[in-house]
Amino acid sequence: MAAQQFDRVAGFLGLNDELIERCKWPKRLITVTVPIRHDDGSTTVFFGHRVQQNLTRGPVKGGLRYHPAVDLGEVAALAMWMNWKCALMDLPFGGGKGGIACDPRTMSRGELERLTRRYTMEMIPFIGEDIDIMAPDMGTNEQTMAWMTDTYATHAGRLVPGIVTGKPLTLQGSAGRTQATGHGVAFLATRALNKLNIPLSSATAVIQGFGNVGSYAAYALANAGVMVTGISDVNGAIWNDRGINLTKLRAHVAEKGTVVGFSEADPIDADELLCQPCDILAPAASDMAITGKNAHRLQCKVLAEGANGPTTPEADAIIDARGDIFVIPDILCNAGGVTVSYFEWVQNLQRFQWSEREVLTKLETMLETAFAKVLAFAERNHLPNRVAAQALAVKTVADVKSQRGLFP
Ligand code: NAD
């Protein structure tokens, strides 16, 4: 998907063959074996990856994912998207992504800690606060980042807070980082509603995924006056025409670990949820949720892509042909996470802490700038928003490559 999208954009930009080749392929693909001892004394060798797509504009930045489906190809695609996201947001980073093929839900805390520490150790020759800075993604969280920080500090003999972002606040994390991605998704979705002249007070939203991105997007949308009528997670989906009470849902999820069984909503088929009438549909779970099978049945006005790669190229073609859905493409829509990660890194390098208000205000300013840039470029060139966002990003990287020239 990422390669197909790149080819389309490179064609539009008219990049020459040299720049196409130099921009398309990742700089470094690293795969390591990560052996760990389980609690029962047995041993498993896991496969861990890190792809550093591009170091032309600065150190590599990108998340670390724990999921059974992780493989080198998926990580490479995510690294490419991350590269575009950093370029689109004008962050001084290249894109990267990491992952371990494992099922964190079946592993104990001790096993996850050993896995994280061993992976970090295996990655030490390739990472550093000015080389490659990891962050949480699916299946990882601030505890994972704390273990990585500690492992790196033990190796370096000093605390190097800028080695990862998404750390706990007490360990020099940034205020606002936890909610940053969801906050950004909600902020941009409400900006899109403004563009479409849909009042927030009468708008509804459906959200796929109730993890970090989905839950904070839901809270922020509700705070903005939008009614959240449908939510799903990996176990199932729920629906309430009159709006889901998110405070009560949060308590339910804290107790049961899932949105399923929430007493103040009805169960609904998870695939059908995506096709219900709503103003905002925010896929915030995993990739390829919107496909050739369901794209023609969507009934949303705004598609706010919280997840990475939630829409397949086939679905994209259907949505472009329909012309009635305002797409906020993933590299823009979920860029709040990496932007506040960038703020965290800057604060770490400066040994300084900003307030949550300062962080979120700076975030909204940067998202607003990028949103306006994408819409203007799309309008000027009669392009879908996704192609416009990707074209701006690829052009930024290609221009810097041209300016730096080719060594030797
Ligand atoms: P998470 O692990 O915190 O949450 C994922 C959620 O999706 C969980 O509620 C899970 O139950 C649900 N889910 C998984 N499969 C599902 C399915 N088939 N149907 C419905 N729900 C399903 O992960 P996250 O950090 O919220 O990340 C979600 C997406 O957002 C990923 O694509 C990730 O790459 C992207 N993203 C995350 C961040 C971030 O800061 N966390 C930043 C940018 C992009």
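Structure notes:
- Working from Cα pairs under 8 Å separated by at least six residues, relative contact order for the chain is 16 percent.
- Anisotropy class assigned to the range 1-86 is prolate, per the alpha carbon gyration tensor with a/c at or over the 1.5 cut-off and a/b larger than b/c.
- Residue with peak Gaussian network fluctuation, the chain [Cα springs, cutoff 10 Å], from D39, D103, D137: D39
- Value of relative contact order over the range 216-288, rounded to a whole percent, pairs C-alpha under 8 Å and six or more apart: 28 percent
- Size descriptors for the range 127-257, from the alpha-carbon set: Rg then Dmax equal 17.9, 56 Å.
- With 29 Å as the limit, the listed pairs K61/K401; K167/K373; K85/K301 have K167/K373 beyond it between alpha carbons.
- Local net charge near H67, Cβ-Cβ under 11 Å (Lys/Arg +1, Asp/Glu -1): -3
- For K97, the aspartates and glutamates whose Cα falls under 17 Å of its own Cα, not counting residues fewer than eight places away in the same chain, are D71, E74, E122, E129, D130, D132, D137, E142, D287, D330.
- For the range 97-199, a Kirkwood radius taken over Cα pairs fed into Stokes-Einstein (10 °C, viscosity 1.306 mPa s) yields D = 104 µm²/s.
- Computed over neighbours whose Cβ is under 13 Å from that of F326, the net charge equals 0, Lys and Arg +1, Asp and Glu -1.
- C-alpha center-to-center spacing [the range 300-337, the range 347-402] in angstrom: 17 Å
- The chain: most fluctuating residue of M145, M80, M288 per GNM, C-alpha cutoff 10 Å: M288
- L200 sits among other residues whose Cβ lies under 15 Å from its own Cβ, and their net charge, with Lys and Arg +1 and Asp and Glu -1, is +2.
Laboratory data are not the source of any read-out in this text; all were calculated from the coordinates shown. Small disclaimer: the values here were computed from a predicted structure and weren't measured. When we count neighbours, we look across all protein chains shown, and the Cβ atoms used for this are built from the backbone with ideal geometry, even at glycine.
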